[in-house]
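What follows is a short report on a single structure.
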Amino acid sequence: MNGKKILIRGNHDKKYDEKLFDEICDFKTVSLNGKYFALMHYPMLSWPKKSSGSIQLHGHIHADMEYNRKNKEEGVLRYDVGVDANQFCPVSVKQIIKFFEE
């Protein structure tokens, strides 16, 4: 895969080749496509700029898409990016933004 690779460590990330990544961290915030995102392996109840519309992206829980829909219905801008919740496919930032805007 091309691009900058950042590992957001999770509970199973015990052994990995550090040389494969540009950055390794437990938590990260980024601004992409006009939106602010908080990234962590685990879902969080609160995250930076939550009250300003930032979106928290996480994995860990192996939920299905219903989890993401329920968060959206409840006004919680938290999205499980794990393949279990996304038809076993990766999702783009554009797809996630569109999901919450629809």
Residue check, P48 against (1) surrounded by fewer than 14 Cβ atoms within 10 Å (Cβ to Cβ); (2) more than 16 Å from I96 (Cβ to Cβ), all met but one. Which one?
-> (1)
Among all residue pairs at least 6 apart or on different chains, which show Cβ distances below 7 Å where the first residue, located in region 61-76, is open to solvent by 60 Å² or more (accessible area, probe 1.4 Å) and the second is of a type in the set (G, A, S) and part of a helix (DSSP H, G or I)?
-> D64/A85
Which of the strands (runs of 3 or more DSSP E) contained wholly in region 1-41 include at least 3 residues that are touching a residue at least 60 places away in the same chain (Cβ under 8 Å), polar (S, T, N, Q) and open to solvent by 50 Å² or more (accessible area, probe 1.4 Å)?
-> none
Does H60 meet the test of being within 12 Å of the chain's Cα centre (by Cα) and under 19 Å from V83 (Cα atoms)?
-> yes
Scan of region 77-98 for residues that are open to solvent by 30 Å² or more (accessible area, probe 1.4 Å) and more than 15 Å from M44 (Cα to Cα), ordered by number = V83, D84, Q87, F88, C89, P90, V91, S92, V93, K94, Q95, K98
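The values are calculated or read from the model by the stated rules, or taken from the named source; none is laboratory data. If you're wondering where the values come from, they're calculated on a predicted model, not measured in any experiment. Cβ sites come from the backbone with ideal geometry, for glycine too, and all protein chains shown count toward neighbours. Heads up: the accessible areas ignore ligands, DNA and RNA and are worked out on the full protein's heavy atoms, side chains in. Shrake-Rupley method; radii C 1.70, N 1.55, O 1.52, S 1.80 Å.
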